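K.L.:
Got a structure here, written out as structure tokens. Questions coming.
The values are calculated or read from the model by the stated rules, or taken from the named source; none is laboratory data. None of the values given here were measured: they were computed from a predicted structure. Every residue, glycine among them, receives a Cβ derived from its backbone with ideal geometry; neighbour counts consider all protein chains shown.
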């Protein structure tokens, strides 16, 4: 009975378990004990709030964030909820290991991606993360703002224009936020594969950093230093080399 598990673990943990333990179209036995894994995952997300505070971003931070945004977005659209959650678990592992803490942007983005699967907990964490909003340059506590908006005797409405009140309302819930968008510039790999040919036959490949990919001298040194290439060149003189940047390094003997 799922209701029993909801009382024990909470609705969000049960939702995560149902979405994660097998593909959406799949079938399998219901094992209540496995819900504990989803529950522990959500506990780790909750604990992560203590690491929020850093304003700095490393390039790797941005890469994995935008990679996760893209993966989760595509998986949800294709009803692949289990792999979407797996990507969030992978990102959570990365964030948990950051010694200098994580940025508010990272945590907000994580919560937004998790929200469809754990709507209740992410809403509470979102409220805690954004307790105060800037209205007319002043900090207004959301809880005070909420009660004031509902209280006819309150002079809150007379103090702030309708546009500011609407701003307060529209930013209240995590489920009213725009869905994160991935930036392709952070999805590009930093390395590319160069094929090494000898007299037109593929003999090896090189994994080259993009910042040196345009240098024929560097690529040539790496290609000629390859053990496989040395084996095929044994006793032969190199007559000519041809380099197509980012694609092929050809050796003629």
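K.L.:
Under 33 Å from the mean Cα position of the chain (by Cα), free of Cβ contacts under 8 Å to residues at least 40 places away in the same chain and within 30 Å of residue 106 (Cα to Cα), is that true of residue 208?
P.N.:
Details: under 33 Å from the mean Cα position of the chain (by Cα): yes; free of Cβ contacts under 8 Å to residues at least 40 places away in the same chain: yes; within 30 Å of residue 106 (Cα to Cα): yes.
Answer is yes for this residue.
K.L.:
Based on what the data block shows, is residue 110 closer than 24 Å to residue 177 by Cα and touching a residue at least 60 places away in the same chain (Cβ under 8 Å)?
P.N.:
yes
K.L.:
Scan the range 228-241 and tell me whether some residue there is without any contact (Cβ under 8 Å) to a residue 60 or more places away in the chain, surrounded by 11 or more Cβ atoms within 10 Å (Cβ to Cβ), part of a strand (DSSP E or B) and touching a strand residue (DSSP E or B) at 6+ places or on another chain (Cβ under 6 Å).
P.N.:
Checked against the condition, which is being without any contact (Cβ under 8 Å) to a residue 60 or more places away in the chain, surrounded by 11 or more Cβ atoms within 10 Å (Cβ to Cβ), part of a strand (DSSP E or B) and touching a strand residue (DSSP E or B) at 6+ places or on another chain (Cβ under 6 Å), the range 228-241 yields at least one hit.
K.L.:
If we keep just the residues of the range 18-45 that are in a helix (DSSP H, G or I) and in contact (Cβ under 8 Å) with a residue 60 or more places away in the chain, which is surrounded by the most Cβ atoms within 10 Å (Cβ to Cβ)? Quick ask: steps written out before the conclusion?
P.N.:
Initially, the range 18-45 is screened for residues in a helix (DSSP H, G or I), giving 18-20, 32-45.
Restricting the remaining residues to those that are in contact (Cβ under 8 Å) with a residue 60 or more places away in the chain gives 19-20, 42, 45.
Numbers: 19: 19, 20: 20, 42: 21, 45: 23.
It comes out as 45.
K.L.:
Additional query: Is it true that residue 54 is closer than 17 Å to residue 98 by Cα and assigned to a helix (DSSP H, G or I)?
P.N.:
Working: closer than 17 Å to residue 98 by Cα: yes; assigned to a helix (DSSP H, G or I): no.
Spelling it out, it is not the case that residue 54 is closer than 17 Å to residue 98 by Cα and assigned to a helix (DSSP H, G or I).
K.L.:
OK, next. Test each condition in (1) over 20 Å from residue 179 (Cα atoms); (2) modelled with pLDDT of 95 or more for residue 148 and report the one that comes out false.
P.N.:
(2)
K.L.:
Further question on the same structure: Check 112, 95 and return the single one that is in the same structural domain as residue 48 (by TED's automatic domain parsing), under 14 Å from the mean Cα position of the chain (by Cα), closer than 26 Å to residue 172 by Cβ and surrounded by fewer than 21 Cβ atoms within 10 Å (Cβ to Cβ).
P.N.:
Numbers: 95 fails: surrounded by fewer than 21 Cβ atoms within 10 Å (Cβ to Cβ).
Sole residue among the options that is in the same structural domain as residue 48 (by TED's automatic domain parsing), under 14 Å from the mean Cα position of the chain (by Cα), closer than 26 Å to residue 172 by Cβ and surrounded by fewer than 21 Cβ atoms within 10 Å (Cβ to Cβ): 112.
K.L.:
On the given criteria, is residue 218 in contact with a helix residue (DSSP H, G or I) (Cβ under 6 Å, 6 or more places away or on another chain) and over 30 Å from residue 73 (Cβ atoms)?
P.N.:
Numbers: in contact with a helix residue (DSSP H, G or I) (Cβ under 6 Å, 6 or more places away or on another chain): yes; over 30 Å from residue 73 (Cβ atoms): yes.
For residue 218, the condition - in contact with a helix residue (DSSP H, G or I) (Cβ under 6 Å, 6 or more places away or on another chain) and over 30 Å from residue 73 (Cβ atoms) - is met.
Residue-wise test of (1) over 17 Å from residue 125 (Cα atoms); (2) surrounded by fewer than 14 Cβ atoms within 10 Å (Cβ to Cβ); (3) in contact with a strand residue (DSSP E or B) (Cβ under 8 Å, 6 or more places away or on another chain).
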{"residue": "8", "(1), (2), (3)": "yes, yes, no"}
{"residue": "16", "(1), (2), (3)": "no, no, no"}
{"residue": "47", "(1), (2), (3)": "no, yes, no"}
{"residue": "51", "(1), (2), (3)": "no, no, yes"}
{"residue": "67", "(1), (2), (3)": "yes, no, no"}
{"residue": "71", "(1), (2), (3)": "yes, no, no"}
{"residue": "78", "(1), (2), (3)": "yes, yes, no"}
{"residue": "81", "(1), (2), (3)": "yes, no, no"}
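K.L.:
Read through the list (1) touching a residue at least 40 places away in the same chain (Cβ under 8 Å); (2) out of contact with any strand residue (DSSP E or B) (no Cβ under 6 Å at 6 or more places or on another chain), then give the number of the only condition that residue 87 fails.
P.N.:
(1)
K.L.:
Condition test on residue 37, is it on the phi > 0 side of the Ramachandran plot and over 12 Å from the mean Cα position of the chain (by Cα)?
P.N.:
Details: on the phi > 0 side of the Ramachandran plot: no; over 12 Å from the mean Cα position of the chain (by Cα): yes.
Judged against the criteria, residue 37 is not a match.
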